[in-house]
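What follows is a single structure, written as structure tokens, with notes after it.
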Amino acid sequence: MTAKTEEIQQGIYLLKGEGKGSHNYLIRAAYRNVLIDSGLDQNFLCLQEQLLSLGLKIRDIDVVINTHEHLDHIGSNRYFQESSLIAAHRFAATKITLEDHYVTLYRSGDRNEVPLRIHLWLENRSLFDLGSHTLEVIHTPGHTSGSICIYEFKTKALFSGDTVFAGGTLSYIAESGSVGDYVNSIMRLETRKISKIFPGHGDICQNPEEDLSQAVLNAKKLLRGERGVSTSPYRPPISMRAH
């Protein structure tokens with residue numbers, strides 16, 4: 001097993017996801033180490049190896065921020081929740097903590113499974129002051145009702161989860177999502193000065209303005225029932241079992 005890590009900006013690392021698991025992003029800041037999304041449960045050993053390659057153990061992660069409530073982004077939370085604070089938007093937190101499997105699609109398959117916990121229930125515009133980095137929570141419903149993007153003020157980078165993908169391909173609109181909300185969320189992101197977008201799957205967005213504009217066009221085509229809509233191939237797996 002090879003740890004796939006890349007320092008994409010100073011102090012910010014891409015930890016590439018395996019298979020259908022999401023990418024994870026590590027921010028090694030002055031005050032705290034923050035992990036954005038934990039990925040699939042079955043990919044935990046890979047994530048652990050990636051962190052070890054950077055000289056970190058699981059207990060060295062201070063905060064895990066989930067960009068939304070799907071299992072390919074929250075599955076490994078249970079390995080962090082005893083030593084790290086787990087954060088998610090309150091709409092996502094409700095579904096995760098109440099074990100709304102219809103929406104999260106998460107079942108570990110472990111008979112002695114420990115319920116997932118969310119310690120920090122986030123709101124739109126919540127802030128994380130990490131000293132060298134400041135993170136702002138932007139509630140971006142659409143893909144799911146609890147989707148958020150994380151904006152880093154210093155680098156003007158956006159961690160988009162499954163809200164925005166490279167090329168502006170349309171995100172899968174899940175059971176708790178809405179195309180109308182998606183359009184509104186993307187249009188609000190267009191008002192931000194964004195240098196790069198780091199998505200939950202696929203390639204980094206090098207042209208944020210162009211990709212955001214294309215995402216809006218694709219969503220509006222879908223609303224009008226037009227053909228030729230560019231949609232993302234990434235879907236959360238229907239079920240998974242822990243190893």
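Each value in this text was obtained by applying a stated rule to the coordinates, not by laboratory testing. All values derive from a computational prediction rather than experimental measurement. So basically every Cβ, Gly included, is an ideal-geometry build from the backbone, and we count neighbours across all protein chains shown.
For the reader, a short list of remarks on this structure follows.
- For the range 35-151, the calculated P(r) over all alpha carbon pairs, in 5 Å bins from 0 to the bin holding the longest distance, is 2, 12, 23, 25, 20, 13, 5, 1, 0 percent.
- Relative contact order of the range 5-223, defined on C-alpha pairs under 8 angstrom at six or more residues apart (%): 14
- Each label point was placed 7 Å from the Cα along the Cα-to-Cβ direction; for Lys57 and Lys193 their separation is 4.2 nm.
- Inter-site label distance for Arg235 and Glu123 at 7 Å from Cα along Cβ, in nm: 3.7
- Viscosity 0.692 mPa s, 37 °C: Kirkwood-radius Stokes-Einstein D of the range 88-243 over Cα pairs, µm²/s: 200
- Given their separation in residues at 0.36 nm each and the Cα-Cα distance between them, Glu175 and Leu223 gain 15.7 nm when the chain is fully extended.
- FRET efficiency estimate (nearest 0.05) - Cβ-Cβ, Glu210 to Ala30, R0 45 angstrom: 0.85
- Cα coordinate range in the range 12-74, projected on the principal axes (Å, largest first): 31, 22, 18
- Within the same chain, lysines fewer than 8 places from Lys156 are excluded, and of the rest, those with a Cα less than 20 Å from its Cα are Lys193, Lys196.
- Sites listed here are trypsin sites (Lys or Arg not before Pro) in the range 159-243 whose DSSP assignment is loop and whose Cβ has at most 11 other Cβ atoms within 10 Å: Lys193, Arg224, Arg227, Arg241.
- Footprinting exposure proxy for Thr144, Thr191 (fewest neighbouring C-beta atoms within 10 Å first): Thr191, Thr144
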